[in-house]
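The structure appears right after this line, and notes come after that.
The values are calculated or read from the model by the stated rules, or taken from the named source; none is laboratory data. Since the structure is predicted, the reported quantities are computational estimates derived from the model, not experimental observations. When we count neighbours, we look across all protein chains shown, and the Cβ atoms used for this are built from the backbone with ideal geometry, even at glycine. To get the accessible areas, we keep the full protein, side chains included, count just its heavy atoms, and leave off ligands, DNA and RNA. Shrake-Rupley method; radii C 1.70, N 1.55, O 1.52, S 1.80 Å.
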Amino acid sequence: MKEIKIKITEDKEYKICIKKGILINLDEHLSKTIENKRIIIITNSLVNCLYGVKLLSSLKKGGFNPDLIDLIEVPDGEKYKSLSTAKYLYDELLKRKADRTTTFIALGGGVIGDLTGFVAATYMRGLPLVHIPTTLLAQVDSSIGGKVAIDHHLAKNIIGSFYQPKAVYTDPEVLQTLSDKDIKNGIVEAIKIAVIKSPAFFKWIEKNIDLLIKKHRDLLCELVKEAVSLKADIVLKDPWEKGLRKVLNFGHSIGHALEVGAGYQDLSHGEAVALGMLVETKIARNRGMCLEEFEKQIKQILSFPPACAVHADRRKRESKSLFQYIKNIDYNQFWETLTLDKKNSQGKITFILPEALGKAVLIDDINKKEVIEALEEFKKEWKLC
Ligand SMILES: NC(=O)c1ccc[n+]([C@@H]2O[C@H](COP(=O)([O-])OP(=O)(O)OC[C@H]3O[C@@H](n4cnc5c(N)ncnc54)[C@H](O)[C@@H]3O)[C@@H](O)[C@H]2O)c1
Ligand SMILES: [Zn+2]
């Protein structure tokens, strides 16, 4: 088992435990982590069908009383990472008389993790939280670092907080039931971490990408461990995202604006980030910040779907509305969305742009013209116009 400790303050730290099969053997871990005997699991119906019973039996083995365990399902999908779903959860928690002796368990992907974390942070001014991430994206990225949030229809993740869990239990075995698309979405966030921090990890992903996509058990486990170690290293140095940690947002300025524009439908977070990395690399290239060779490497590694999911023919078949949205993108509206991004300060639009493998920097004088130019070039290259 790989165990990574994240120390937030002198007296506060939590563990990320990564081990194949840990979900069905959580009993002893949970009884050490969860002092409260009352537990509320938040998940969706798909993840509940796949892993709900396994988690419940782990809890029973750990000595938790089944009568004190509740499970609440929320609908599946990014558009439900919203204030109205949070309100539904607050109503349910009150109905079920959740109190300060309650611990929340987030069982699911990044949507469940962010939403449950947000509710855990705000209900009764904060109740203990445990993450059990079940998508690759949640395992390599969203369950690490304590960012919790819900979306607003005008801006992504705009209502949120920093709220650290008591622990994160990561079982790479659960990735075997994940769709191919969600495996690729997770690989995208791992590639992002590699681009900003580790040329060696980038090369490793390049070498193993075909087997990773085919869900090779040992390689997926390695991918999760390495991505978590790299992200944890950044989070440890800057837990509240005052500086260094901002680099983790590479691809996310454009990516988030695309997600908002698409109404949190048709375009997953991983796909949006892949497109965001391509367009932001193009902006860096146009500024002369990186070499042509570097842009080629980024295009090459992201040439597997989801990036090529925007390729005209395939996208026309699969999602006409997204194809139409990118094709007819309203640049004024797009720029307006970029002005609402959390990274901006004092009216300056801030992007994270790459310079080379392992090196990304904060640029705070992004202008509308260069964003439009990069998007137009991107559309031409991917035959979207
Ligand atoms: N908090 C952070 O630091 C952070 C970082 C990155 C991303 N995020 C957020 O994460 C979200 C995206 O997360 P995601 O990609 O996990 O999407 P998701 O949570 O919507 O999960 C994708 C799909 O996989 C299904 N699923 C989950 N586990 C499964 C399993 N083991 N087998 C089969 N199906 C399974 C889900 O039901 C869903 O349909 C976005 O909202 C993004 O903003 C947050
Ligand atoms: Zn992300």
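Using DSSP, restrict attention to beta bridges with both residues in region 28-172 and report what percent are antiparallel, rounded to the nearest 5.
25
In deg cm²/dmol and to the nearest 500, what is the mean residue ellipticity at 222 nm of the chain if only DSSP H runs of at least 4 residues count, each as -39500 (n - 2.57), divided by the residue total?
-14000 deg cm²/dmol
Which of these, Lys203, Lys282, Lys242, has the largest mean-square fluctuation under a Gaussian network model of the chain (Cα springs below 10 Å)?
Of Lys203, Lys282, Lys242, the Gaussian network model singles out Lys242 as fluctuating most.
Using the crude model of +1 on Lys and Arg Cβ and -1 on Asp and Glu Cβ, and no other charge, please compute the dipole size for region 57-189 relative to its Cα centre, in debye to 20.
440
Modelled label-to-label distance, Asp330 and Leu83, 7 Å Cα→beta-carbon offset: nm?
Simple spin-label model gives 2.1 nm for this pair.
Largest first and to the nearest Å, give the Cα extent of region 74-132 along each principal axis.
Projected onto the principal axes, the Cα atoms of region 74-132 cover 29, 22, 16 Å.
Going by Cα centres, region 154-210 and region 1-74 are how many Å apart?
What the calculation gives is 20 Å, centre to centre.
Could you give the dipole magnitude of region 52-104 about its Cα centre, charging the beta-carbon of Lys and Arg +1 and that of Asp and Glu -1, in debye to the nearest 20?
140
Give the cross-link partners of Lys383 among the aspartates and glutamates, using a straight C-alpha distance below 14 Å as the criterion and excluding same-chain residues fewer than 8 apart.
Within the straight-line cut-off, Lys383 pairs with Asp313.
Return the subset of Lys181/Lys242; Lys97/Lys242; Lys181/Lys203; Lys12/Lys282 for which the Cα-Cα distance in this structure is over 29 Å, preserving the input order.
Result: Lys181/Lys242; Lys97/Lys242; Lys12/Lys282 exceed 29 Å.
Please compare each pair in Lys61/Lys215; Lys20/Lys54; Lys299/Lys380 to a cut-off of 19 Å on the Cα-Cα distance and tell me which ones are over it.
Among Lys61/Lys215; Lys20/Lys54; Lys299/Lys380, the Cα-Cα distance tops 19 Å for Lys61/Lys215.
Quantify, in whole percent, the carbon and sulfur part of the accessible surface of region 23-133 (1.4 Å probe; protein heavy atoms only).
55
Please find, in a Gaussian network model of the chain (springs between Cα atoms separated by less than 10 Å), the residue of Leu94, Leu71, Leu219 whose mean-square fluctuation is greatest.
Comparing Leu94, Leu71, Leu219 in the GNM, the peak value goes to Leu94.
May I ask for the equivalent-ellipsoid semi-axes of region 146-251, computed as the square root of five times each C-alpha gyration tensor eigenvalue and listed largest first in whole Å?
Each semi-axis is the square root of five times an eigenvalue, giving 25, 17, 14 Å.
To the nearest 10 Å², what's Glu355's accessible area with a 1.4 Å probe?
For Glu355, solvent-accessible area is about 60 Å².
If you fit an axis through the alpha-carbon atoms of helix 252-261 and take the longest principal axis of the Cα set of the chain, what angle between them do you get, 0 to 90°, nearest 10?
80
When Lys and Arg each count +1 and Asp and Glu each count -1, what net charge do the other residues less than 12 Å away from Leu219, Cβ to Cβ, add up to?
Result for the local shell: +1.
Per residue, how much accessible area does the chain show when a 1.4 Å probe rolls over the protein heavy atoms, in square angstrom?
On a per-residue basis, the chain sits at 42 Å².
Over the chain, what is the percentage of antiparallel beta bridges among all DSSP beta bridges, to the nearest 5?
45
Give me D for the chain in µm² s⁻¹, whole number, from Stokes-Einstein with Rh from the Kirkwood sum over alpha-carbon pairs, 4 °C and 1.567 mPa s.
Approximately 61 µm²/s, per Stokes-Einstein.
Just how much of Lys368 is accessible, in Å², when a 1.4 Å probe is used and the result is rounded to the nearest 10?
Using a 1.4 Å probe on the heavy atoms, I get roughly 70 Å².
In whole Å, what are the extents of region 1-151 along the principal axes defined by its C-alpha atoms, from largest to smallest?
The Cα atoms of region 1-151 stretch 38, 33, 32 Å along their principal axes.
Any idea what the dipole of the chain comes to, in debye rounded to 20, about its Cα centre with Lys/Arg Cβ at +1 and Asp/Glu Cβ at -1?
Dipole magnitude for the chain comes out near 300 debye.
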